[in-house]
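K.L.:
Take this structure, written in structure tokens, and hold onto it; I'll ask about it next.
The values are calculated or read from the model by the stated rules, or taken from the named source; none is laboratory data. What you see is a predicted model; the values in this text were computed from it and never measured. Please note: Cβ atoms are built from the backbone with ideal geometry, for glycine as well, and neighbour counts cover all protein chains shown. Each accessible area value is taken on the protein alone, full model and side chains, heavy atoms only, with ligands, DNA and RNA left out. Shrake-Rupley method; radii C 1.70, N 1.55, O 1.52, S 1.80 Å.
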Amino acid sequence: MNGQREHWGSRVGFILAAAGSAVGLGNIWRFPYVTGTNGGAAFVVIYLAAIIFIGYPLMVSEINLGRKTQKNPVGAFMAMAPGTPWWIVGALGVFAGFLILSYYSVVAGWAVSYIFKALGGFSANTDFVTMFYRTIGVDLGDGLTNIFTPILWHAVFMGMTLAIIAAGVVKGIQRWVKILMPLLFVLLVILVLRAITLPGAGSGIAFYLRPDFSQITGRTFLAAIAQSFFTLSLGMGAMITYGSYLSNKENIGDNAAWVVGLDTGIAIIAGFAIFPAVFALGLEPGAGPGLTFITLPAVFAQMPAGTFFGFLFFLLLAVAALTSAISLLEVVVAWLVDEKGWPRVKASVIIGAIIFLVGIPASLGYSVLGNVTFLGFDVLDTFDWWANSIILPLGGLLTCIFVGYVWTAKKAQDYANDPKGKIFIGDWYGFLIKYVVPAAIIIVMFFGLWDTFTG
């Protein structure tokens with residue numbers, strides 16, 4: 001390790017950075033359509049319960065490991081269990097950060113490109129399906145498709161991410177999240193105010209706020225648990241890494257609650273920006289991922305000042321993606337800085353370039369690599385399947401086992417309460433981290449794989 005380890009300049013810096021890691025495409029893009037396809041408000045109620053009983057205890061555990069060891073995910077497990085194979089759990093986190101960012105940057109690049117498309121104006125006569133296909137490089141057989149366009153936007157987004165990480169923890173990550181997170185919140189509030197004042201928006205608000213528990217199935221619970229786990233950046237080493245820059249004077253329970261609260265709050269608010277607008281214009285709330293890049297531009301095209309609000313929305317999406325992307329790159333860079341002694345700038349540039357290259361096949365998965373599939377998934381969805389169905393839940397599961405049984409839940413609980421904070425981590429933590437959280441992860445993994453191989 002080179003020199004003294006950096007720490008967050010303030011508690012606010014950590015909270016905004018960690019919340020920024022959690023707040024990403026999963027909140028602004030995935031949460032609304034998962035809610036829409038699972039019955040609206042009834043799903044939200046179950047999701048909030050999952051956040052409290054599954055997401056929060058695992059968040060506490062990961063920040064705990066980072067703060068105690070002051071190391072990256074690999075170094076944290078090596079320090080806690082020297083001479084054992086537990087370091088592999090940390091390695092899974094580093095690999096997850098690497099893999100996820102490679103395709104996450106591709107999707108984020110689409111969002112960046114839509115900022116400029118919105119500035120060009122969304123018209124009621126625009127074919128938004130064709131616009132999206134051209135963005136992702138789909139060959140429509142008319143000779144107009146440029147496969148380098150999505151690669152270019154992928155490169156632009158990775159360049160921004162790399163530049164922030166190369167600048168360091170305080171001068172890079174902390175400085176930028178203090179700008180980006182307030183900007184994200186302001187943009188979201190403006191969009192909510194516009195959406196709820198549209199004629200007919202009340203139907204969307206009712207869909208979002210009135211639970212219809214007759215719509216609940218077993219799949220609703222699975223979707224809520226999965227969303228609560230993935231939206232908080234758990235299982236990928238990000239919270240261990242960010243926790244390692246946290247001072248021993250900071251209480252873990254309080255800080256984890258702030259992070260979880262901000263992430264969940266922004267996800268909930270995003271629903272108020274989307275559902276009233278979708279219902280006001282008679283569109284389908286369960287439109288899937290196309291809700292963001294096809295349905296919503298159509299909404300903006302019919303909305304007064306739609307060009308302005310379309311620009312704000314895709315700026316919001318890009319900002320949310322960037323706050324998550326910097327945490328993913330930081331996981332890998334921190335490992336190289338801590339364990340291999342690399343200078344931060346060198347690690348950032350080399351790993352950023354490699355991740356960009358690995359992401360190119362995902363960018364080409366809708367054009368020249370369109371015939372390449374795995375279990376029926378295209379290249380980008382294959383990367384996503386491995387990350388979200390295997391690596392992340394496995395990392396989260398093994399972290400629970402390690403904290404609950406190797407470090408022991410009691411020792412983890414005592415450490416989390418030192419120094420004392422407003423939130424006391426009681427014996428409920430041991431019960432949740434040893435039994436409830438692992439069981440929930442196993443169930444989600446099992447049914448996710450079952451659907452893949454039998455569906």
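K.L.:
Report, to the nearest whole %, how much of the accessible area of the chain belongs to carbon and sulfur atoms, 1.4 Å probe, protein only.
P.N.:
Carbon plus sulfur share of accessible area: 68 percent.
K.L.:
Follow-up. With the radius of gyration and the Kirkwood radius both derived from the Cα set of the chain, what is their ratio Rg to Rh?
P.N.:
With Rh from the inverse mean 1/r over Cα pairs, Rg/Rh is 0.96.
K.L.:
So what's the gap between the Cα centers of the stretch 82-108 and the stretch 376-455, to the nearest angstrom?
P.N.:
After rounding, the separation between the Cα centres reads 15 Å.
K.L.:
How do 8-15, 49-56 rank on mean C-beta neighbours within 10 Å, highest first?
P.N.:
Numbers: 8-15: 18.6, 49-56: 21.2.
Result, highest mean Cβ count within 10 Å first: 49-56, 8-15.
K.L.:
Hey, can you rank 258-268, 188-198, 411-421 by average C-beta count inside 10 Å, highest first?
P.N.:
258-268, 188-198, 411-421
K.L.:
Hey, which lysines would be in cross-link range of Lys71, C-alpha to C-alpha under 21 Å, not counting anything within fewer than 8 residues on its own chain?
P.N.:
In chain and number order, the partners are Lys171, Lys249, Lys340, Lys346, Lys411.
K.L.:
Along the principal axes of its C-alpha atoms, what lengths does the stretch 157-314 span, in descending order and rounded to whole Å?
P.N.:
Between the extreme Cα coordinates on each principal axis of the stretch 157-314 lie 51, 39, 25 Å.
K.L.:
I want to check the label-to-label distance for Ile401 and Val170. Put each point 7 Å from Cα in the C-beta direction and report it in nm to one decimal.
P.N.:
4.0 nm
K.L.:
Would you please give the residues with an amide H less than 5 Å from that of Phe377, counting only those at least 5 places away or on a separate chain, with H modeled from the backbone geometry?
P.N.:
HN-HN under 5 Å from Phe377: empty list.
K.L.:
Here's something else I'd like to know. How much length is gained on full extension from Ser247 to Ala353, taking 0.36 nm per residue of separation minus their Cα-Cα distance?
P.N.:
Extra length available between Ser247 and Ala353 comes to 35.0 nm.
K.L.:
Give me the distance in nm between label points sitting 7 Å out from Cα along the Cα-to-Cβ direction at Leu140 and Ala49, one decimal.
P.N.:
Placing both labels 7 Å beyond Cα along the Cβ direction yields 4.6 nm.
K.L.:
Okay, moving on. Between Glu284 and Thr130, what is the label-point separation in nm under the 7 Å Cα-to-beta-carbon projection?
P.N.:
2.1 nm
K.L.:
Could I get the Rg over Rh figure for the stretch 23-172? Both from C-alpha atoms, Rh via Kirkwood, rounded to two places. If you can, show how the numbers build up before the last one.
P.N.:
On the way: Rg = 20.6 Å, Rh = 19.2 Å.
Rg/Rh: 1.07.
K.L.:
Sorting check: for 118-129, 220-231, which peptide has the highest mean count of neighbouring beta carbons within 10 Å, and how do the rest follow?
P.N.:
So the order, starting with the most tightly packed, is 220-231, 118-129.
K.L.:
Provide the FRET efficiency to the nearest 0.05 for the Lys420-Arg5 pair, computing r from the beta carbons and using R0 = 41 Å.
P.N.:
Result of the calculation: an efficiency of 0.95.
K.L.:
State log₁₀ I(q)/I(0) for the stretch 279-424 at q = 0.12, 0.15 Å⁻¹ as given by the Debye formula over alpha-carbon point scatterers of equal weight, solvent excluded.
P.N.:
Result of the Debye calculation: -0.90, -1.14.
K.L.:
Something else about it: Can you give the relative contact order of the chain as a percent, counting alpha carbon pairs under 8 Å and 6+ residues apart? Intermediate values should be presented prior to the final figure.
P.N.:
Details: 782 pairs, mean separation 154.8, N = 455.
Worked out over the chain, it gives 34 percent.
K.L.:
Between Ile88 and Asn371, what FRET efficiency comes out of the Förster formula 1/(1 + (r/R0)^6) with R0 = 30 Å and r the beta carbon distance, rounded to 0.05?
P.N.:
For R0 = 30 Å, the calculated efficiency reads 0.30.
K.L.:
Lys and Arg at +1, Asp and Glu at -1: add these up for the other residues within a Cβ distance under 12 Å of Asp418 and post the number. Before the final figure, lay out the partial values.
P.N.:
Working: positive: Arg67, Lys68, Lys249, Lys411, Lys420; negative: Glu250, Asp414.
Within the 12 Å Cβ shell, the charges total +3.
K.L.:
Would you kindly state how much longer the chain becomes between Lys410 and Phe447 on full extension, computed as 0.36 nm times their sequence separation minus their alpha carbon distance, in nm to one decimal? Don't skip to the answer; put the middle values down first.
P.N.:
Values: separation 37, 0.36 × 37 = 13.32 nm, distance 3.13 nm.
Gain on extension, Lys410 to Phe447, equals 10.2 nm.
K.L.:
Just to confirm, what accessible area per residue do you get for the chain at 1.4 Å probe, in whole Å²?
P.N.:
38 Å²
K.L.:
Between Ser214 and Ala163, what is 0.36 nm times their sequence separation minus the Cα-Cα distance? Round to one decimal in nm.
P.N.:
13.5 nm
K.L.:
Determine the calculated [θ] at 222 nm for the chain from helices alone, applying -39500 (n - 2.57) to every DSSP H run no shorter than 4 residues and normalising by the residue count; nearest 500 deg cm²/dmol.
P.N.:
On the way: 21 runs with 301 residues, N = 455.
Calculated from helices alone, the mean residue ellipticity at 222 nm is -21500 deg cm²/dmol.
K.L.:
Something else now. Under a Cβ-Cβ cut-off of 13 Å, what is the net charge of the residues other than Arg30 that fall near it, where Lys and Arg count +1 and Asp and Glu count -1?
P.N.:
With Lys, Arg at +1 and Asp, Glu at -1, the net is -2.
K.L.:
With N residues in the stretch 200-255, what two-decimal value do you get for its Cα radius of gyration over 2.2 N^0.38 Å?
P.N.:
1.78
K.L.:
Would you please give the FRET efficiency between Leu119 and Thr197, computed as 1/(1 + (r/R0)^6) with r the Cβ-Cβ distance and R0 = 22 Å, to the nearest 0.05? Please report the intermediate quantities before stating the final value.
P.N.:
Values: r = 23 Å, r/R0 = 1.06.
Working from the Cβ atoms, E equals 0.40.
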